[in-house]
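For reference, the structure discussed in these notes is given below.
The values are calculated or read from the model by the stated rules, or taken from the named source; none is laboratory data. Being a predicted model, the structure only gives us computed values, none of them experimental. Positions of Cβ are generated from backbone atoms using ideal geometry, with glycine treated the same way; all protein chains shown enter the neighbour counts. The area values use the complete protein model at the heavy-atom level, side chains included, leaving out ligands, DNA and RNA. Shrake-Rupley method; radii C 1.70, N 1.55, O 1.52, S 1.80 Å.
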Amino acid sequence: MNYKFFLGIGVAVAIVIAGAAVYTGFAHLNLADSAEHDTLYQVSTISALMQGVYDGTVTVAELKKHGDFGIGTFDRLDGEMIVLDGQVWQAKADGTVVPAADDQTTPFATVTCFSPDIRQATPDHAMNLSEFATAMAAQLPSQNMIYAVEIHGTFPSVTVRAIPGQEKPYPNMTVAAAGEKVHTYANVTGTVVGFYTPVFIQDLNTVGYHLHFLSDDHTMGGHILDMTVPANSSVEYDITPYYTVALPTSGAFTGTNLTANMSGAVAAVEQ
Ligand code: ZN
């Protein structure tokens with residue numbers, strides 16, 4: 001494992017977990033540009049978010065420099081972020097979706113430059129989210145890599161949630177998520193945007209699939225709690241071997257006890 005240290009506003013540590021050099025399964029991975037394009041850029045850690053570190057530390061403008069595709073949340077945990085085709089959207093607890101302004105900030109987000117390496121067809125029957133996760137995890141070439149995941153289609157059902165913005169002193173995310181607003185949409189055309197993350201990254205990010213949704217007309221979206229994936233859907237995966245984590249260098253993050261294993265609590269609020 002290599003460690004690189006970058007100096008810059010808001011960027012404290014960059015971790016390169018696995019270079020493409022050690023992965024030979026896909027010959028078309030271009031070593032020259034993969035660090036630039038195949039990097040998962042992440043703001044803060046899921047453990048910090050779970051503990052109530054909700055103050056935004058990176059602007060939307062900065063986030064867009066690191067990717068055109070991804071998910072996250074906003075300052076004060078105010079709604080769900082969807083980044084698609086270079087545009088950043090905010091799905092709010094009241095069910096509305098609005099474009100995010102460049103000067104808005106995020107306490108937690110993950111983005112990459114999306115360029116699919118693999119296309120997989122789902123089975124010839126419709127699946128819910130847990131069935132999808134099981135079926136597609138088995139199709140991945142390895143459970144030990146980070147993948148950006150995109151599915152576009154017309155979904156018989158998509159259930160999303162968004163958490164309303166929190167007030168200080170911030171509650172932890174288990175408490176905040178209890179106030180989530182849930183919306184279910186039928187026969188909605190749009191894009192599932194998210195990531196598959198290996199178990200060994202559990203203190204930094206969620207484990208397995210973390211998916212958000214945005215309708216094509218940009219009126220519906222949020223964090224996916226469940227969905228019906230139609231039979232024979234095409235799922236695109238972008239293998240993302242590089243991993244940069246921008247740790248906050250000031251604010252609540254620096255003084256929060258992040259020694260506890262939060263994976264159980266993360267699974268409870270994200271699924
Ligand atoms: Zn989410």
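Selection within the stretch 190-216: residues that are touching a strand residue (DSSP E or B) at 6+ places or on another chain (Cβ under 8 Å) and part of a loop (DSSP other than H, G, I, E, B). The member of this set that is surrounded by the fewest Cβ atoms within 10 Å (Cβ to Cβ) is ASP216. Yes or no: PRO169 in a strand (DSSP E or B), open to solvent by 40 Å² or more (accessible area, probe 1.4 Å) and more than 16 Å from the ligand (Cβ to nearest atom)? For PRO169, the condition - in a strand (DSSP E or B), open to solvent by 40 Å² or more (accessible area, probe 1.4 Å) and more than 16 Å from the ligand (Cβ to nearest atom) - is not met.
Would you be able to tell me the number of residues in the stretch 230-271 that are assigned to a helix (DSSP H, G or I) and out of contact with any strand residue (DSSP E or B) (no Cβ under 7 Å at 6 or more places or on another chain)? Step through it out loud before you land on a result.
Of all residues in the stretch 230-271, those assigned to a helix (DSSP H, G or I) come to 252-255, 263-270.
If we keep only those that are out of contact with any strand residue (DSSP E or B) (no Cβ under 7 Å at 6 or more places or on another chain) as well, we get 252-255, 263-269.
Here the count works out to 11.
One residue is enough: does the stretch 177-193 have a residue meeting the conditions away from the ligand (no atom under 15 Å from the Cβ) and in contact with a helix residue (DSSP H, G or I) (Cβ under 8 Å, 6 or more places away or on another chain)? No: zero hits.
Output the residues belonging to the stretch 109-122 that are assigned to a strand (DSSP E or B) and either among the hydrophobic types (A, V, I, L, M, F, W, C) or open to solvent by 30 Å² or more (accessible area, probe 1.4 Å) (or both).
If the condition is that a residue be assigned to a strand (DSSP E or B) and either among the hydrophobic types (A, V, I, L, M, F, W, C) or open to solvent by 30 Å² or more (accessible area, probe 1.4 Å) (or both), then ALA109, VAL111, ILE118, ARG119, GLN120, ALA121 are the ones that fit.
Only one entry in ASP75, ASP103, ASP68, ASP94 is under 13 Å from GLY221 (Cα atoms) and of a type in the set (D, E, K, R), namely ASP94.
Table: residues versus (1) aliphatic (A, V, I, L, M); (2) in contact (Cβ under 8 Å) with a residue 60 or more places away in the chain; (3) within 21 Å of THR189 (Cα to Cα).
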| site | (1), (2), (3) |
| --- | --- |
| GLN104 | no, no, no |
| ILE118 | yes, yes, no |
| HIS125 | no, yes, yes |
| PHE132 | no, yes, yes |
| ALA135 | yes, no, no |
| ALA138 | yes, no, no |
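Just checking, how many residues over the stretch 214-271 are away from the ligand (no atom under 16 Å from the Cβ), at positive phi and modelled with pLDDT of 95 or more? Please lay out each step first, then the result.
First, pick out the residues of the stretch 214-271 that are away from the ligand (no atom under 16 Å from the Cβ): 215-219, 228-261, 264.
Still in the running and at positive phi: 218, 232, 251.
Okay, now just the ones that are also modelled with pLDDT of 95 or more, so 218, 232.
Qualifying residue count for the region: 2.
Remark: pairs (first residue in the stretch 172-194, basic (Lys, Arg); second residue open to solvent by 60 Å² or more (accessible area, probe 1.4 Å) and part of a helix (DSSP H, G or I); Cβ separation under 6 Å; 6+ apart in sequence or on different chains) are absent. Looking across the stretch 63-79, the residues that are open to solvent by 10 Å² or more (accessible area, probe 1.4 Å) and either modelled with pLDDT under 95 or over 10 Å from ALA109 (Cβ atoms) (or both) come down to LYS64, LYS65, ASP68, ASP75, ARG76, ASP78.
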